[in-house]
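Here is the structure we will look at, set down as structure tokens.
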Amino acid sequence: MKKFYKNNKQETYLIFTMVLIAVLIGVKNPVFFTASNFAGIIRNLIIDGMMAYAIMLGIIIGGIDVSFPAIAVCSMYITNRFAESVDYTGPVSLLFVMAMGIGLILGLINGFLITRFKLPAFVVTLGTSSAFYGLLISVLGGSQVNRLVEPLEKVSKFRLWVVTSGNSQTIIPVTFIFMVLIMGITWFILNKTMLGRMIYAIGGDRTAAERVGFPVNKITVFVYAYIGLISGLAGLSHSIQSRACIPTDLMGCEMTIIAMVVLGGTKISGGRGTVFGTFLGLFLITMVESCLILVGIPSTWQTLVIGVVIVVGTGISSYQVLKDQKKIAPVLEKDE
């Protein structure tokens, strides 16, 4: 336990916080500890989780992408409108390829602009977010798709897992598999490949990474392409879960998802972050969002409570970083 705490302080704080909040909610309303409620939390974090694991790479490399909700919406909406217009009845896999392809192209645009013109990722993606979404609405309009085409409808009805507790029943959709795959792929990239080591190195010190010969621009383009690809998949997955396609869905969720990632221990300035930590941050915020109603907190107060949890959690993370820096500073001065 001491070794785990020493190497994973932020994760330890999050686990302690999750247990504390769970006990407080459970004491107030025992329904919290039912299997159905837990399954509901898992269901609610699927789409955010898919995007969180992708955006984590962008933050680790030293950039913040805020365009991923717009990419998800564009991929979702264009794919659904196309399928509806041709009354598509072919393999559903082609629709997923289309959505991911759209996301990939938009992600590549972000990567190209960031590397070609040496602009901050936040500024570029803030602009492309408005551009992508504005172009979508102006060209295709804002009418929602109320009925999915048959191949997508079949997928939306597929029950991966049904959890029953008393009179309550919760369905875990097939999109849960997508989230687990993205989680595993992201973990593999960061921990088992040279690419992952270079992503950490670029986020830690971009100039040093360039000096040792890392292809910084290519890796940066890859990261934003990866974010776009996963965002495209997340967008279509969202329409499958909701069984509709509404162009305003997902817009505005970027700050909450970025907060989940940072809360999980990913350093906002880059160079550090783990998949496990991101999962904990994702689970904590989703748990709070989903279960505040169980303790009688009105929906009008839920945003405030969630904001307090995010501020306190990220504050603890920042404090720990400053504390570690103060410990290291005397050693560096002594060496000089």
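Any residue at all in region 27-39 that is of a type in the set (Val, Ile, Thr), modelled with pLDDT of 85 or more and not in a helix (DSSP H, G or I)? Yes, some residue in region 27-39 is of a type in the set (Val, Ile, Thr), modelled with pLDDT of 85 or more and not in a helix (DSSP H, G or I). Only a single item in (1) part of a loop (DSSP other than H, G, I, E, B); (2) more than 24 Å from Gly127 (Cβ to Cβ); (3) at pLDDT 90 or above is not met by Met251, and it is number (2).
Given the structure, is Ile21 at pLDDT below 95, more than 18 Å from Pro173 (Cβ to Cβ), aliphatic (A, V, I, L, M) and not in a helix (DSSP H, G or I)? Considered against the rule, which asks whether it is at pLDDT below 95, more than 18 Å from Pro173 (Cβ to Cβ), aliphatic (A, V, I, L, M) and not in a helix (DSSP H, G or I), Ile21 comes out as no.
Regarding Ile189, is this residue in contact with a Gly (Cβ under 9 Å, 6 or more places away or on another chain) and not hydroxyl-bearing (Ser, Thr, Tyr)? Spelling it out, Ile189 is indeed in contact with a Gly (Cβ under 9 Å, 6 or more places away or on another chain) and not hydroxyl-bearing (Ser, Thr, Tyr). Where helices (runs of 4 or more DSSP H) sit wholly within region 42-158, those with at least 3 residues that are hydrophobic (A, V, I, L, M, F, W, C) and at negative phi occupy 68-85, 92-117, 121-140. Tyr200 falls short of the stated requirement of being hydroxyl-bearing (Ser, Thr, Tyr), at pLDDT 95 or above and within 28 Å of Met98 (Cβ to Cβ). When residues in region 81-138 are screened for being surrounded by fewer than 16 Cβ atoms within 10 Å (Cβ to Cβ) and hydroxyl-bearing (Ser, Thr, Tyr), 5 of them pass. A single member of Val261, Val288, Val275 is among the hydrophobic types (A, V, I, L, M, F, W, C), touching a helix residue (DSSP H, G or I) at 6+ places or on another chain (Cβ under 6 Å), at pLDDT below 90 and under 19 Å from Thr17 (Cα atoms), and it is Val288. Among the residues that make up region 221-237, is at least one of them surrounded by 14 or more Cβ atoms within 10 Å (Cβ to Cβ), over 18 Å from the mean Cα position of the chain (by Cα) and not charged (D, E, K, R)? Yes, that holds for at least one residue. Among the candidates Ala72, Ala52, the residue that is crowded, with 20+ Cβ neighbours inside 10 Å, farther than 19 Å from Ile105 by Cα, among the hydrophobic types (A, V, I, L, M, F, W, C) and modelled with pLDDT of 95 or more is uniquely Ala52. The residues on offer are Ala208, Ala244, and the sole one that is farther than 21 Å from Ser67 by Cβ, surrounded by 16 or more Cβ atoms within 10 Å (Cβ to Cβ) and more than 15 Å from the chain's Cα centre (by Cα) is Ala244. Filter region 269-313 down to the residues that are part of a helix (DSSP H, G or I) and small (Gly, Ala, Ser), then identify the one that is nearest to Ile189 (Cα to Cα). The selected residue is Gly277. Just one of the listed residues (Val305, Val275, Val261, Val312) is of a type in the set (A, V, I, L, M, F, W, C), surrounded by fewer than 21 Cβ atoms within 10 Å (Cβ to Cβ) and touching a Ser or Thr at 6+ places or on another chain (Cβ under 9 Å), and it is Val312.
Scanning region 76-88 finds one or more residues that are under 20 Å from Phe178 (Cβ atoms), within 20 Å of the chain's Cα centre (by Cα) and not β-branched (Val, Ile, Thr).
The values are calculated or read from the model by the stated rules, or taken from the named source; none is laboratory data. Everything numeric in this text was worked out from a predicted model, so none of it was measured. With ideal geometry, Cβ positions are generated from the backbone for all residues, glycine too; neighbour counts draw on all protein chains shown.
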